[in-house]
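Following: one structure in structure tokens, then a few remarks.
The values are calculated or read from the model by the stated rules, or taken from the named source; none is laboratory data. Note that this is a predicted model, so its numbers are computed, not measured. Note: ideal-geometry Cβ built from the backbone for every residue, glycine included; neighbour counts use all protein chains shown. All accessible areas refer to the heavy atoms of the entire protein, side chains included, with ligands and DNA or RNA removed. Shrake-Rupley method; radii C 1.70, N 1.55, O 1.52, S 1.80 Å.
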Amino acid sequence: QVQLVESGGELVQAGGSLRLACATSGLSFSTYTMGWFRQAPGKERAFVSAISRAGGNTNYADSVKGRFTISRDNGKNTLYLQMNSLKPEDTAVYYCAAKTSSTLNGLQYKYWGQGTQVTVSA
């Protein structure tokens with residue numbers, strides 16, 4: 001059974017930092033492209049970032065470029081999202097996702113986590 005479990009979300013002040021983690025099990029982690037998405041209240045789920053299987057290539061939404069960093073540890077089967085200079089508009093539920101396709105674009109992911117809440121106060 002495939003499981004993706006996010007952690008690290010919490011309430012933080014604007015300008016602060018958080019590191020999200022996504023622990024996976026039941027899949028061959030190193031063979032999956034991984035991504036982070038977020039969904040703010042009243043909005044659709046949106047792409048945040050993606051990382052290739054070996055971690056050498058990444059992609060970011062324009063809104064987080066330069067502030068967020070995606071990474072992975074294939075030895076620990078874990079995905080990370082380092083979020084710096086957080087803004088109130090970053091408030092959302094953050095989801096990790098896995099797909100077998102090598103493309104870093106697109107929203108077609110096979111497995112999804114349950115999400116972790118990030119709240120940024122002004």
Neighbours of Val12 by Cβ distance under 12 Å: Lys/Arg at +1, Asp/Glu at -1, summed charge 0
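Determine the share of the chain's accessible area contributed by carbon and sulfur atoms, expressed in whole percent, with a 1.4 angstrom probe.
The nonpolar share, carbon plus sulfur, comes to 45 percent.
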Of Thr103, Gln3, Gln13, which is farthest towards the positive pole of the chain's charge dipole, taken about the Cα centre with +1 and -1 on the beta-carbons of Lys, Arg and Asp, Glu respectively?
Thr103
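Can you tell me the accessible area per residue over segment 56-122, all protein chains present, probe 1.4 angstrom, in square angstrom? Working shown, then result.
Working: 3390 Å² over 67 residues.
For segment 56-122, the per-residue accessible area is 51 Å².
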Cα centroid separation - segment 29-54 against segment 61-104, whole Å:
6
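In the neighborhood of Ala97, defined by Cβ-to-Cβ distances under 12 Å, what is the net charge if each Lys or Arg adds +1 and each Asp or Glu adds -1?
Details: positive: Arg38, Arg45, Lys99, Lys110; negative: Glu6.
With Lys, Arg at +1 and Asp, Glu at -1, the net is +3.
Using heavy-atom solvent-accessible surface (probe 1.4 Å) with all chains present, what is the largest-first order of Glu6, Glu44, Glu89? The partial results should precede the final answer.
Values: Glu6 20, Glu44 160, Glu89 125 Å².
Sorted by accessible area, descending: Glu44, Glu89, Glu6.
List the trypsin sites (Lys or Arg not before Pro) within segment 16-81 that fall in a DSSP loop (any state other than H, G, I, E or B) and whose Cβ has at most 10 other Cβ atoms within 10 Å.
Numbers: sites: Arg19, Arg38, Lys43, Arg45, Arg53, Lys65, Arg67, Arg72, Lys76; in loops: Lys43, Arg45, Arg53, Lys65, Arg67, Lys76.
Passing both the DSSP loop test and the Cβ count: Lys43, Lys65.
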For a quick check of understanding: with a 1.4 angstrom probe and all protein chains in place, what accessible area in square angstrom does Phe47 have, to the nearest ten?
50
If eta is 1.567 mPa s and T is 4 °C, what Stokes-Einstein diffusion coefficient results for the chain, Kirkwood Rh from Cα pairs, in µm²/s?
92
Using a basic spin-label model with each label point 7 Å from the Cα along Cα→Cβ, how many nm lie between Ser17 and Asp73?
1.6
With +1 on each Lys and Arg Cβ and -1 on each Asp and Glu Cβ, how big is the dipole of the chain about its Cα centre, in debye rounded to the nearest 20?
240
Classify segment 47-106 as rounded, prolate or oblate from the Cα gyration tensor: take a ≥ b ≥ c as the square roots of its eigenvalues, call it rounded if a/c is under 1.5, otherwise prolate when a/b beats b/c and oblate if not.
prolate
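Which net charge results for the neighbourhood of Phe37, defined as the other residues with beta-carbon distances under 12 angstrom from its beta-carbon, given Lys and Arg at +1 and Asp and Glu at -1?
On the way: positive: Arg38, Lys43, Arg45, Lys99; negative: Glu6, Glu44.
Residues close to Phe37 contribute a combined charge of +2.
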